[in-house]
Amino acid sequence: MKIATVRAGAHIEGIHWIAEYVGDAHEIRVFRDGLEVDVHNAPSTLFGDEENAGSKSTADHRASEAAVLAYLKQFVMEHDTEE
């Protein structure tokens, strides 16, 4: 079973960030204050084996959100370093 779309967001230093994983394209779109700022190919290890594990439970969904949120926080940290 393929993971469809997973969204996770956080306020980091007063800015609202959202990462949206799009399963069909295996991409992560990153938004800052509602505007798309970047699109990345998702790392192949983003979800581990969950993507092929079959029917998702609530815990699986939370784990997917946590993975996308961790990706988002890493992106923001690297993005802020570049600016």
- Task: Only one of these is at pLDDT 70 or above, of a type outside the set (Lys, Arg) and open to solvent by 30 Å² or more (accessible area, probe 1.4 Å): Val76, Val30, Val37. Name it.
- Result: Val37
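State yes or no: is Ala59 outside any loop (DSSP other than H, G, I, E, B), surrounded by fewer than 16 Cβ atoms within 10 Å (Cβ to Cβ), at pLDDT below 80 and on the phi < 0 side of the Ramachandran plot?
Numbers: outside any loop (DSSP other than H, G, I, E, B): yes; surrounded by fewer than 16 Cβ atoms within 10 Å (Cβ to Cβ): yes; at pLDDT below 80: yes; on the phi < 0 side of the Ramachandran plot: yes.
When the stated conditions are applied, Ala59 passes them.
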- Going through segment 1-26 one residue at a time, which ones are in contact with a strand residue (DSSP E or B) (Cβ under 7 Å, 6 or more places away or on another chain) and open to solvent by 40 Å² or more (accessible area, probe 1.4 Å)? Thr5, Arg7, Gly9, Ile15, His16, His26
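The values are calculated or read from the model by the stated rules, or taken from the named source; none is laboratory data. Every value quoted in this text rests on a predicted model; they were computed, and no experiment measured them. No Cβ is skipped: glycine too gets one built from the backbone with ideal geometry, and neighbour counts run over all protein chains shown. The area values use the complete protein model at the heavy-atom level, side chains included, leaving out ligands, DNA and RNA. Shrake-Rupley method; radii C 1.70, N 1.55, O 1.52, S 1.80 Å.
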